[in-house]
Amino acid sequence: MSTGQFPFKTAYGHFSDDGASYLIQRPDTPRPWINVMSSGTYGVALSQSGSGYSWLHNASMNRITRWNQDLIRDDWGRFLYVRDDESGKYWSVGWQPVQMKPESYEVIHGVGYTIINSQYEGIQAQWLVFVPHDEPLEVWRLRIKNTTRRPRKISLWSYLEWNLGESPDSHREFHRTFIETSVQDKNNIILAKKRLSPLKNAKGQSWNRNWDHVAWHAVSLPAKAVSCDKQAFLGNYGSLRAPACLEKGAYVGTTTHKWDDSIASFQVPLTLKAGEERSLLWSVGAADSQSQALVKARRFMDFSQVDSAWGRTESFWDKYMTSFTVKTPDRSFDALTNTWLKYQALSGRLWGRTAYYQTGGAYGFRDQLQDSQVFLPLDLEGTRKQIHLHAAHQFSDGTVYHWWHPLSEEGHPSGYSDDLLWLPFVISNYIKETAHWGLLNETVPFAVRPGVSGRKESGTIHDHAVRAIEKSLTRISPRGLPLMGEADWNDGLSGAGRGGKGESVWMAHFLVGILNDWADLTERAVAANALLGTEKKRAVRYRRSADKLKAAVNRTAWDGAWFWRATTDDGTVLGSKKSIEGKIFLNAQTWALLNGVVSTPARKKAILNSLEKHLYSSHGPLLLTPAYTTPDERIGYLSRYSPTTRENGGVYTHAAVWALQMECALGRAEKAWDIYEKICPILASAKNPDRYRAEPYVTPGNVDGPGSPTPGRAGWTWYTGSAAWLYRVSTEWILGIRPVWDGLLIRPCLPPHWKKVEAARNFRGGAYRIVMERDASLPAGTQKITFNNRELSGDVLPVSPGMQNTVQVRLGPVRR
């Protein structure tokens, strides 16, 4: 087992020894390296340069501070400046926006917090930013120290621009006229309101109601002056890099509070003796009323309140980070599995639903449902709540919203063929984890289509799931393949099936798996008295439908060495050896093997050979190849991406993880680990951080493929479903600790060079401490399990609620 200093240090930074934080040691990273801090109510995105933005509930519809997406400049944010009032020199605590070369600079991104340490002109600053998990606000704690041998007179200046609602508010001259500010508590609190909201009022009118909150910015020490006017801070034609107030040591002009471009800024003077250190607090937040805003702003001027909130927030995150821990010979695997994949999926995807490459806020029906599987070994209630939330956004005919915005509940009714099926998919996995059959009989109302009046219908969770499946079984082409519809999992196939004739071969594979799994669930639920015995007929019908689909796809979509991906409305085949571009697609092969659709061993072998020959690249499995070079309306916007970028021939990490799962399912450990190493952000960044560009501690949505002028360049970090999926595949398929109907399956697919693995996991009320070790005396590809000092005849651990269980797994050499 590896211990001590964490490897993979680059010119830009390194992990802490425990892998739980990342230390950035220079500000000019190849792209912004950010942290997303959110527990569902309030959130902050903060980059290594000090730029970023804040939101409440929804980063698109309820942005607190202004920010425009520009990953090259990264110069929008909430900033702290330091001014030497004797020399007139000034700089920013973070590198942005002044960009002075610091004497020292370090940024620590951790779980739920970021610390920026910098020093310039002998003034040392430590800026901690964190979001208390149970409060609608962010805390800034600044420690400022005079490291010189003489007294220093300095002033600290904060700066942020109010957004207060829908973002981006690119029509600023319109939106600024509705914002009003006020100063409270002798210049220690600035309040901000907006007399306009994107939400509809009680009469259903748009843009005719007040913003529902009162925002604030507060500071704990007396402020010499306050400004709420952007021009008073910057000066006419001024810039954040050289604002007029920092040049002159005073705000320029006056603040009218209702007629200006509204900001919030405090000027706080400090005199520091030689070697003296002082601490002060700022907060930014939003509450439902002015009185609540003032209470919270005043409370978080108190260091004891901040310390208490910090302790609660650490405990909140520890609950997730210490559930299901692993220790392997690979430090990158441990850091991602124990900390960063969980944190990315929770903070970035489920709770924040935003980042830098995509500023979101909405829920995607398929997206956050899949993401919620990260909760299963950590906090079961999280997955259950997500199932309920998404079921409530399903219509009574079984179809669903493709996405919807919390707050407004406005969304897009889905014509995507796969969306609705992720509900039974996740329900099934939840019950495998919990054996909580009662979930099937919990009642949730159906959504009502926009513009339709009438009483809401309700149904059980089981009813919601089978309506989704039944609806999918009506969307079948004359030759027995699922219709594409608006698109399937690959949104970029947006032109292939809108005419109602295009077919999705991947959907056939997906639906076969759903039908067989739900048939199993149904029979077990009947046996557990959770469903009526008459439901057995449904199970029989679903298995027959799965067999019929399997036969149709093998009969129709086999291309000689792999499966087609789809057909378009005019009958054009996508993913065929006859195609000029887009000859072979990844998902149409991996899911065929995952769900047992492949009809013969010869076809299985052909698919694996085709994957290795055409799609397995030096940067990971490509989504398709060759990339499309000419836009094609019959296909959709996928063909309009730059070739080898994102879904158009790049490594799309979400799908690459499914290829990893497939290799594990087939027991091909060396191939599986080869894929893992190629898509692991820690390893990819360590090889060449300037080529990779993205953060090394979170998964990217995509990596540019071969043929690109920038092969190996990653992007779309944080806001990607690959994090939750890589967590699930790492624990359930590489480590092989997988919930099944009857217990906890142990079927690892470890890299050949791993000699020992340790894991601790809770399952159905019991604690399991698992140790896996290689044993050369065993035949290749075999294993022996000892459960609580008794040899187990199979590979499924018994359910042992209330027990501390010890599991020893002896593994033979990898079968080659």
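The values are calculated or read from the model by the stated rules, or taken from the named source; none is laboratory data. Please read all numbers here as calculations on a predicted model, not as lab measurements. Here Cβ is always computed from backbone atoms with ideal geometry, including for glycine, and neighbour counts include all displayed protein chains. With ligands, DNA and RNA removed, areas are computed over all heavy atoms of the protein, side chains included. Shrake-Rupley method; radii C 1.70, N 1.55, O 1.52, S 1.80 Å.
Details
- Elements of type helices (runs of 4 or more DSSP H) contained in the range 503-602, each with 1 or more residues being farther than 27 Å from Asn429 by Cβ: 536-556
- Top-ranked residue in the range 358-372 [being farther than 17 Å from Asp491 by Cα and modelled with pLDDT of 95 or more; ranked as farthest from the chain's Cα centre (by Cα)]: Ser372
- Checking Ser167 against (1) small (Gly, Ala, Ser); (2) in contact (Cβ under 8 Å) with a residue 40 or more places away in the chain; (3) buried (at least 19 other Cβ atoms within 10 Å of the Cβ); (4) within 23 Å of Gly94 (Cα to Cα), the condition it does not meet: (4)
- Any hit, the range 457-478, residues being surrounded by fewer than 16 Cβ atoms within 10 Å (Cβ to Cβ), part of a loop (DSSP other than H, G, I, E, B) and basic (Lys, Arg): no
- Residues that are open to solvent by 50 Å² or more (accessible area, probe 1.4 Å) and out of contact with any Asp or Glu (no Cβ under 8 Å at 6 or more places or on another chain), drawn from the range 185-210: Asp185, Lys186, Asn187, Lys200, Ala202, Lys203, Gln205, Ser206, Trp207, Asn208, Arg209, Asn210
- Scanning the range 665-685 for residues that are surrounded by fewer than 20 Cβ atoms within 10 Å (Cβ to Cβ), within 17 Å of Thr337 (Cβ to Cβ) and in contact with a Gly (Cβ under 8 Å, 6 or more places away or on another chain) returns no hits.
- Only listed residue being among the small types (Gly, Ala, Ser) and outside any strand (DSSP E or B), chosen from Ala202, Ala215, Ala192: Ala202
- Matching entry among Pro151, Pro136, Pro132 (being farther than 16 Å from Asp261 by Cα, modelled with pLDDT of 95 or more and in contact with a helix residue (DSSP H, G or I) (Cβ under 7 Å, 6 or more places away or on another chain)): Pro132
- Those residues of the range 222-248 which are buried (at least 17 other Cβ atoms within 10 Å of the Cβ) and in a loop (DSSP other than H, G, I, E, B), in sequence order: Ala223, Gly235, Gly238, Leu240, Pro243
- Screening Thr41 on (1) in contact with an Asp or Glu (Cβ under 9 Å, 6 or more places away or on another chain); (2) closer than 30 Å to Leu199 by Cα; (3) open to solvent by less than 30 Å² (accessible area, probe 1.4 Å); (4) not aromatic (Phe, Trp, Tyr) shows it passes everything except condition (3).
- Residues that are out of contact with any strand residue (DSSP E or B) (no Cβ under 7 Å at 6 or more places or on another chain), open to solvent by less than 10 Å² (accessible area, probe 1.4 Å) and within 18 Å of Tyr628 (Cα to Cα) within the range 575-593 comprise Ser576, Asn587, listed in sequence order.
- Taking the criterion of being open to solvent by 40 Å² or more (accessible area, probe 1.4 Å) and outside any strand (DSSP E or B), the residues of the range 276-295 that qualify are Glu276, Asp288, Gln290, Ser291, Gln292, Val295.
- Restricted to the range 500-550, and to residues there that are among the acidic types (Asp, Glu) and within 30 Å of Ala655 (Cβ to Cβ), the residue that is farthest from the chain's Cα centre (by Cα) is Asp547.
- Counting only residues that are out of contact with any helix residue (DSSP H, G or I) (no Cβ under 7 Å at 6 or more places or on another chain) and surrounded by 12 or more Cβ atoms within 10 Å (Cβ to Cβ), the range 528-543 holds 2 of them.
- Condition broken by Thr313, with the remaining ones in (1) touching a residue at least 40 places away in the same chain (Cβ under 8 Å); (2) hydroxyl-bearing (Ser, Thr, Tyr); (3) open to solvent by 20 Å² or more (accessible area, probe 1.4 Å) satisfied: (3)
- Matching residues in the range 700-714 - criterion: being small (Gly, Ala, Ser) and surrounded by 21 or more Cβ atoms within 10 Å (Cβ to Cβ): Gly701, Gly705, Gly712, Ala714
- Yes/no for Ala546 being of a type in the set (Gly, Ala, Ser), open to solvent by less than 10 Å² (accessible area, probe 1.4 Å) and touching a residue at least 40 places away in the same chain (Cβ under 8 Å): no
- Filter result for His412 (within 30 Å of Ala566 (Cβ to Cβ) and open to solvent by less than 40 Å² (accessible area, probe 1.4 Å)): no
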